[in-house]
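Heads up: the structure comes next, in structure tokens.
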Amino acid sequence: MIWFDLVTPKSVLFFIPIVKEIEKRGKKVLITAREGKDYSEVVELLKLYNIDFVNRGEFGGACLKDKLHASIERQKALMEYVTIYDIDKLVCLCSVDANRVAFGLGIPVINFYDIPLSDYNTNFKKALPQARLTLPLSSKVFKPFVVPDEIFLRFSLDEEQIFDYNFIDPVIWLKNFEPDFEYVKDVLKSYNLDLSKKMIIIREEEYKSSYVDKKYPILYEALEEIYNTTNSNIIIIPRYESAYLKEEFPFATVLEEKIVIQHLLAYADLFIGGGGTLNTEACFFNTPTISTRSFICHYDKFQIDNNLMYWVNTKKDLLETVELLLTKKKENRNNIFSTMNLEIDKIVDQILN
């Protein structure tokens, strides 16, 4: 049995095709997840895509002490649960809790990771906590081609343990995705928006994550001015709780339900994101994209270098870039993502062997 621990929305989307291919080969799969106060995205996505899973443990929130406590409790819950089964391997996106449990129980660990550093060079002072706590425990590591092998070698891995794949992570679930504007209209119908106006989609940074130093203010400071100067529909996709967003930005539409957000990204006139996954998804659809993330990682740099994304770190730059991109016509063309090969069969071969 192959154990998958899915603790982020991205991990759900990334592993769905891999899980299906493993099951197609007759291998059993066990999926664990986590929830928590104001953190239900993972569970909602699993339900949205009809994936069987078992919830074990919670998200600890923004406070380090609470994170540590939740992690310790989750490891105990996972340990007690997975020992019921005959687990061959753990596969995950560097889930700290699952790595610790699998390593302690002698279960081989297979980690996928596209962001070991909050840096696009090799500055190990910017190594993410998740990377430090998981990568050295790996039997195998899978990474996109944009991240240098050197980084993983410095995490105490040998060359034969490192496997490349020739795509940026979101391509695995977007390659065959067909955007549907009728879906967009249906989702936004209850919000009474004027869809003849331009649509700007907003996503906050993961400011409760351990690898983000603090809540980065420029997006919040600029949002009302963006609304006033562009006369656009401002649609916010909450990352955590939504009540404070509705209170702070009454002019914006804050999405309440879990939806297939890729449809909105494909038809947006502009996407402003403080994270990684949705930024890349917007770039995939040639939607003009501005990153307000507090750092630039390897795949961010790849998208910036290929003129798919702009990075800003001041309110002034953000406002100027919004004005610039909204005056450009959105292009309908193949971009660098269209040349990427998924080779899911090959990845599954390497997982199972």
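The values are calculated or read from the model by the stated rules, or taken from the named source; none is laboratory data. Everything numeric in this text was worked out from a predicted model, so none of it was measured. Counting neighbours? That spans all protein chains shown, and the Cβs are built from the backbone with ideal geometry, glycine included. Just the protein is used for accessible areas: all its heavy atoms, side chains included, with ligands, DNA and RNA removed. Shrake-Rupley method; radii C 1.70, N 1.55, O 1.52, S 1.80 Å.
Just the accessible area per residue of the chain, please: how many Å² with a 1.4 Å probe? It would help to have the intermediate numbers written out before the result.
Numbers: 15980 Å² over 353 residues.
Result: 45 Å² of accessible area for each residue.
With all pairs of different C-alpha atoms in the average, the Kirkwood value for the hydrodynamic radius of the chain is 21.1 Å. GNM remark for the chain: springs join alpha carbons under 10 Å apart, and the peak mean-square fluctuation among 19, 109, 29 falls on 29. In this structure, the residue pairs whose Cα-Cα separation is over 22 Å, taken from 185/330; 175/246; 126/301; 65/143; 37/175, are 175/246; 65/143; 37/175. Summing +1 for each Lys or Arg and -1 for each Asp or Glu among the other residues whose beta-carbon sits under 12 angstrom from that of residue 30 gives -1. Shown for region 170-283 is the translational diffusion coefficient from the Stokes-Einstein equation, using the Kirkwood radius over Cα pairs, a temperature of 37 °C and a viscosity of 0.692 mPa s: 221 µm²/s.
Calculated [222 nm] ellipticity per residue, helices only, for the chain: -11000 deg cm²/dmol; basis is -39500 (n - 2.57) per DSSP H run with n ≥ 4, divided by all residues, nearest 500.
Of the solvent-accessible surface of the chain, computed with a 1.4 Å probe over protein heavy atoms with every protein chain present, carbon and sulfur atoms account for 48 percent. Classify region 34-108 as rounded, prolate or oblate, taking a ≥ b ≥ c as the square roots of the eigenvalues of its Cα gyration tensor: rounded when a/c is under 1.5, otherwise prolate if a/b is larger than b/c and oblate if not. The shape class here is oblate.
For region 1-139, what does the alpha-carbon gyration tensor say about shape, rounded, prolate or oblate, given a ≥ b ≥ c as the root eigenvalues, a/c under 1.5 as rounded, and a/b over b/c as prolate? Kindly include the intermediate steps, with their values, before the conclusion.
On the way: a/c = 1.36, a/b = 1.25, b/c = 1.09.
Judged from the Cα gyration tensor, region 1-139 comes out rounded (a/c under 1.5).
Relative to the longest principal axis of the Cα atoms of the chain, the long axis of helix 218-230 lies at roughly 40 degrees. Rg over Rh for region 127-196 works out to 1.28, using Cα positions for both radii and the Kirkwood form for Rh.
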